[in-house]
Amino acid sequence: MTGFSGLGMKKEIMWAITEMGFKEPTPIQEAAIPFAMQGEDVIGQAQTGSGKTVAFGIPLLERLDPNSRQVQALVLTPTRELAVQVCGELGKLGKNMHVHSLPIYGGASINVQIDNLRRGVHIVVGTPGRLIDHLERGTLRLEGVKMVVLDEADRMLDMGFIEDIDLILSKIPSKHQTMLFSATMPDEIMALTHKYMHAPQKVLVSKDEISVKEISHFFAPIPEPRARFRAVTEYLKKHKPPLAIIFTRTKMAADNLVEGLQRMGVKAEALHGDLSQRKRDTVMQMFRQKRISVLVASDLAARGLDVSDVSHVINYHLPDEPSIYVHRTGRTGRVGKQGIAFSLVLPDQQGLLGDIERFAGITMAEEKIDIGVLPPARPWFGGSRQPGQVGHGGGQRPYTSSQGQRREGQQGGHGGGFGGGNRPSGSGGYHSHDRNSGSRREGGRGSSGGRPPGRFDRQKEKREEGSRPKWHGSG
């Protein structure tokens, strides 16, 4: 099979592929497209950034009837960013066929979505929560659906969407084609395939491995959590990455890190679930247009990011699961370009580092980062710090009144060195020896009223992407 021409596509799609600059199909495209174009169910397992959208997009467009304006294909995605990205790719592939696709997700106006559905669309790309909203309202009808795609099914499982997916699939006519794409294949996903897929063709191109040819992997040991900020700023000064994504564990840590980077003159913005959809779109536009050089993101917010020129991925917090490392670093080294992955590693994370290397089949090279001598961690004494005093690294530290209560509007320490020192329960930071307990995350903002310990326990993202946590720090 030679190039895309050997896949037997319509000339309108071939024109679009040529305009998009694609010359040769990726392994997942070459393996999955022929099965899918024959109407067979397909289970595709391939690494992040391997071209899965085109692998299912071409068969969808081949089998659509452009003259019928009812929904004929449904694509389920875990996040709004991925929904928008997939819809954009389908729009490019189908522009010569006058095919209309619509992204449906939480955080956007449901009335606008309803108006578009009434006008008629061929393909709906959506997140499970908002799709169910439309089904319950009767504004989305699925009786004409002939094809269903579950994109990044493992992440939908991680986010607790399995029951929603089950409900949505139960509303689709029994005679339909199903394509499932996932980086990993846990038992729950396989159970779903047994229930809703008929004799699926399994296309296992890569079991969630990283292309060592295109990504170089480095790590720097750091002595304690307070060293993170200084280490990452030294790294940015040294390498000056043209376009970098920095991953943090929490939304608050992302905000605090961005604030610290901006104070140092770095063009950085945060991307996480607490931002409005308009703000998220603005940040992504700035990043794609290279008006900012650093994007600080949470894992879920970064799902579906497809920016081909990302030169560096930096793990400010090393992920707990090796598979998440793979997902993160898949944001760089795309379209045959070279990429660099760099991670900050605490002393007690050496075992995790080895697990990641074994899981991904890689070897990380150690890079020394000169962070200098950290100021000593200062114990906290209620009422001892005066208003307006500044902790190590610049961030304004919270203080207590004589009654031991937090003053409104005061901000907790910045992650990775801002504020310095250990923090008491409810102060917004966490004790250096507490980093694995999950009871308080680095860089959290303070909140008024002296909330009890553990208020900021790490929680899973909300099932509906547009929703916000019920708690907010006052800083």
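Numbers at a glance
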quantity: Over 26 Å between alpha carbons, listed pairs 95/202; 171/279; 238/290; 23/146; 52/92; 11/290; calculated: 95/202; 171/279; 23/146; 11/290
quantity: Rough spin-label spacing in nm, given labels placed 7 Å along Cα→Cβ, for residue 116 and residue 175; calculated: 3.1
quantity: DSSP-assigned coil residues among GluC sites (Glu not before Pro) in segment 66-169, each with at most 15 further Cβ atoms within 10 Å; calculated: 143
quantity: Charge sum, other residues only, whose C-beta stays under 12 Å from residue 55's C-beta, Lys/Arg counted +1 and Asp/Glu -1; calculated: -2
quantity: Interchain or long-range residues, amide H under 5 Å from residue 314's placed H; calculated: 245, 246, 247, 342
quantity: Counted charge near residue 104, where neighbours are those whose Cβ lies closer than 10 Å (Asp, Glu -1; Lys, Arg +1); calculated: +1
quantity: Around residue 177: net Lys/Arg minus Asp/Glu count, Cβ-Cβ under 10 Å; calculated: +1
quantity: Geometric extent, Cα atoms of segment 89-180 - Rg, Dmax (angstrom); calculated: 13.2, 37
quantity: Gained length - residue 204 relative to residue 278, 0.36 nm times residue gap less alpha-carbon distance; calculated: 22.9 nm
quantity: Candidates per trypsin sites (Lys or Arg not before Pro) in segment 119-217, loop by DSSP, up to 16 other Cβ within 10 Å; calculated: 141, 171, 175, 207, 213
quantity: Extension gain, residue 184 back to residue 309 (0.36 nm per residue minus Cα-Cα distance, nm); calculated: 42.5 nm
quantity: Cα pair distances of segment 114-238 binned at 10 Å [whole percent]; calculated: 9, 31, 23, 17, 14, 6
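Laboratory data are not the source of any read-out in this text; all were calculated from the coordinates shown. From a predicted model like this one, the values you see are computed outputs, not experimental measurements. When we count neighbours, we look across all protein chains shown, and the Cβ atoms used for this are built from the backbone with ideal geometry, even at glycine.
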